[in-house]
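Working notes, beginning with the structure itself.
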Amino acid sequence: MRPPGGRVLTVNPTNIVWNTNTWVEVGVNGIEAGAAVRLGLYIDVDRDAALGTNDRMVALFNLVDGQTNSLAAETIVDDEDGAADGAIASRVSYFGIDGVHHVAGSYLWAASTNGLRP
């Protein structure tokens, strides 16, 4: 079932072990072609699987549908297909176990197209 507005956020894999080195694929579909999206990663402090006021953002990525990074660097989060088609397909590096993304716990991804807290 699609949420109001028709936007859908997908994440794969949805569960990783703290010492995993992998890519996490993130997709945002059902947006306006060329739209800007704020993609946030939060620690789910209360572990209720819902974004709340106590959850803390640990990463923020500003993406634009159809925009790739000018350096062609695979570790920079961008819209990988480069097409302004109403969908963003990206991936986030989870390589290097000393990064903030590797702290054991529960996390939530959120996306916003209105510039507010994703």
Quiz item: Anyone know which of LEU108, LEU71, LEU41 comes out most mobile in the 10 Å Cα GNM of the chain?
Solution: LEU71
Quiz prompt | Nearest-20 debye value, the stretch 8-112 charge dipole, Cβ charges on Lys, Arg, Asp, Glu | solution = 280
Quiz item: Restricting to the chain, what percent of DSSP beta bridges are antiparallel, rounded to 5?
Solution: 100
Self-check item: Correct choice for volume of the Cα convex hull per residue in Å³ that was computed from the model, options (1) 108; (2) 92; (3) 117
Solution: (1)
Quiz item: Taking R0 as 25 Å, what's the FRET efficiency between GLU74 and VAL17 from their Cβ-Cβ distance, rounded to 0.05?
Solution: 0.65
Quiz item: Normalised by the residues of the chain, what does the relative contact order come to in percent, with Cα pairs under 8 Å and at least six apart?
Solution: 33
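Read the figures in this text as sums done on the coordinates, not as results from a lab. Just so you know, these numbers come straight off a predicted model, no measurement behind them. All Cβ positions, glycine included, derive from the backbone under ideal geometry; neighbour counts span all protein chains shown.
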